[in-house]
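The values are calculated or read from the model by the stated rules, or taken from the named source; none is laboratory data. Computed from a prediction, not measured in an experiment: that's the story for all the values here. Ideal geometry is used to build each Cβ from the backbone, glycine not excepted, and the neighbour counts take in all protein chains shown. To get the accessible areas, we keep the full protein, side chains included, count just its heavy atoms, and leave off ligands, DNA and RNA. Shrake-Rupley method; radii C 1.70, N 1.55, O 1.52, S 1.80 Å.
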Amino acid sequence: MKPTVAVHGGAGRWSLDEERKRAVLKTLREAVEEGLTAAERGSAVDAVTAAVEYMERSGLFNAGYGSVYAIDGRVYLDAGVMDGKTGRAGAVAAVEGVRSAVRLARFVMEQTDHVIIACEGARLLAAKAGLLEPHHKFYNEEKNKRFQEVLEEARRGRWHYKKVLELAGDTVGAVALDRDGNLAAATSTGGVWLKWPGRVGDSPIPGAGYYAENGVGAFSATGVGEVILLMLLSYRARNELVKTGDVAQAVKNVVQQATEAFGPDTVGIIALDAKGNPAYAYNTKAMARGWGKQGEIYVDL
Ligand code: ASP
């Protein structure tokens with residue numbers, strides 16, 4: 001089978017100037033390339049980890065160095081990964097100062113008996129895995145400024161936490177199929193602006209923010225975490241795929257269900273079926289996304 005990788009850089013508004021837009025599209029393309037190179041040499045899990053880590057490091061998205069601030073002005077990361085071959089998943093939640101949350105999630109999957117490790121316990125594990133990173137790397141002037149703006153808007157009552165789409169967006173995720181037909185999925189995020197410290201979103205929860213099952217499909221979701229959690233969006237898309245046999249129809253159906261239950265501007269999802277057919281759907285203004293296999297890569301925003 002030809003390795004295939006699809007990525008997203010979050011569902012949201014994405015009103016960017018041209019320069020920033022070019023940078024986002026370039027990074028999406030490079031993330032697909034990273035994933036494909038990893039899949040050529042290794043597994044679907046290698047591919048999704050490489051693609052997501054590349055986007056975490058870019059600082060352009062709400063993941064890794066680009067992560068948004070919680071209401072206490074600090075950065076807490078969530079990430080998860082799932083191996084469709086073994087059915088195992090690993091995740092970290094509300095963890096600070098970690099070089100790559102998706103790598104740490106993979107460490108949980110491969111080196112522990114657990115599925116999700118949160119907060120200080122995740123940092124302890126990051127120390128063992130050699131993944132601790134100085135805190136200052138997660139903070140910069142641009143984000144400090146944005147934090148003051150969102151705080152001010154929240155004080156003026158413009159935002160209710162129940163309508164957080166403007167506070168979410170730009171989470172990253174990847175799905176991959178390798179030469180041997182194995183599927184994997186991963187998602188990584190800083191969550192949403194002004195989230196409560198300790199808030200856990202959908203991104204580290206298997207079946208919500210991501211899901212992979214060999215012979216069926218792989219999925220990575222983005223949008224308002226609370227909506228994705230309550231709908232178990234990725235597992236729901238898996239069920240729709242089993243039912244309809246059509247991955248494009250499956251993601252379309254679950255996004256429509258999210259719109260009916262929670263309104264527009266709430267979710268987005270990318271997927272691959274067992275043959276490597278890619279699909280995406282979203283009910284937000286835009287979703288940064290890309291997919292590719294040997295020699296052909298497409299990106300859009
Ligand atoms: N789903 C993420 C969260 O709520 C945010 C996003 O996708 O942008 O943590």
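Listed values, structure above:
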quantity: Strands (runs of 3 or more DSSP E) wholly inside the stretch 169-242 containing at least 2 residues that are of a type in the set (Phe, Trp, Tyr); calculated: 210-213
quantity: Filter result for the condition that a residue is open to solvent by 20 Å² or more (accessible area, probe 1.4 Å) and touching a Gly at 6+ places or on another chain (Cβ under 9 Å), over GLN148, GLN111; calculated: GLN111
quantity: Top-ranked residue in the stretch 144-161 [being within 25 Å of the chain's Cα centre (by Cα), at pLDDT below 80 and not hydrophobic (A, V, I, L, M, F, W, C); ranked as farthest from ALA70 (Cα to Cα)]; calculated: HIS160
quantity: Test result for LYS252, surrounded by fewer than 24 Cβ atoms within 10 Å (Cβ to Cβ), away from the ligand (no atom under 16 Å from the Cβ) and within 15 Å of PRO278 (Cα to Cα); calculated: yes
quantity: From the options GLY10, GLY64, GLY35, GLY59, residue that is more than 16 Å from the ligand (Cβ to nearest atom) and either open to solvent by less than 10 Å² (accessible area, probe 1.4 Å) or at positive phi (or both); calculated: GLY35
quantity: Residue under evaluation ALA101, criteria (1) farther than 20 Å from ARG199 by Cα; (2) buried (at least 24 other Cβ atoms within 10 Å of the Cβ), criterion not met; calculated: (1)
quantity: Every pair of residues 6+ apart whose Cβ atoms lie under 6 Å, when the first sits in the stretch 221-249 and is touching a residue at least 40 places away in the same chain (Cβ under 8 Å) and open to solvent by less than 10 Å² (accessible area, probe 1.4 Å) while the second is more than 12 Å from the ligand (Cβ to nearest atom) and in a loop (DSSP other than H, G, I, E, B); calculated: SER234/GLY207
quantity: Conditions (1) near the ligand (Cβ under 8 Å from one of its atoms); (2) modelled with pLDDT of 95 or more; (3) open to solvent by 10 Å² or more (accessible area, probe 1.4 Å); number of the one not met by THR189; calculated: (3)
quantity: Cβ pairs under 8 Å, 6+ apart, first in the stretch 131-156 and closer than 22 Å to ALA101 by Cα, second assigned to a helix (DSSP H, G or I) and open to solvent by 30 Å² or more (accessible area, probe 1.4 Å); calculated: LEU131/ARG103; LEU131/PHE107; LEU132/ARG123; LYS137/TYR65; PHE138/TYR65
quantity: Filter result (part of a strand (DSSP E or B) and in contact with a helix residue (DSSP H, G or I) (Cβ under 6 Å, 6 or more places away or on another chain)) within the stretch 250-301; calculated: VAL267, ILE269, ALA271, ASP273, ALA279, ALA281, ALA288, GLY290, GLY292, ILE297, VAL299
quantity: The one condition in (1) open to solvent by 10 Å² or more (accessible area, probe 1.4 Å); (2) within 16 Å of the ligand (Cβ to nearest atom); (3) touching a residue at least 40 places away in the same chain (Cβ under 8 Å) that ASN214 fails to fulfil; calculated: (2)
quantity: Number of the condition not met by GLY198 [criteria: (1) open to solvent by 20 Å² or more (accessible area, probe 1.4 Å); (2) small (Gly, Ala, Ser); (3) more than 16 Å from the ligand (Cβ to nearest atom)]; calculated: (3)
quantity: Where ILE71 falls short, out of the listed (1) free of Cβ contacts under 8 Å to residues at least 60 places away in the same chain; (2) touching a Leu at 6+ places or on another chain (Cβ under 9 Å); (3) β-branched (Val, Ile, Thr); calculated: (1)
quantity: Only one of ARG236, ARG179 that is out of contact with any Gly (no Cβ under 6 Å at 6 or more places or on another chain) and away from the ligand (no atom under 16 Å from the Cβ); calculated: ARG179
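One line per residue, one yes/no per condition, for (1) hydroxyl-bearing (Ser, Thr, Tyr); (2) over 12 Å from the mean Cα position of the chain (by Cα):
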| site | (1), (2) |
| --- | --- |
| ASP170 | no, no |
| GLY173 | no, no |
| LEU183 | no, yes |
| SER188 | yes, no |
| TRP193 | no, yes |
| PRO197 | no, yes |
| GLY217 | no, yes |
| GLU226 | no, yes |
| VAL254 | no, yes |
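Quick grid of which residues meet (1) open to solvent by 40 Å² or more (accessible area, probe 1.4 Å); (2) in a helix (DSSP H, G or I); (3) within 30 Å of GLY295 (Cβ to Cβ):
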{"site": "VAL48", "(1), (2), (3)": "no, yes, yes"}
{"site": "MET55", "(1), (2), (3)": "no, yes, yes"}
{"site": "VAL68", "(1), (2), (3)": "no, no, no"}
{"site": "VAL75", "(1), (2), (3)": "no, no, no"}
{"site": "PHE107", "(1), (2), (3)": "yes, yes, no"}
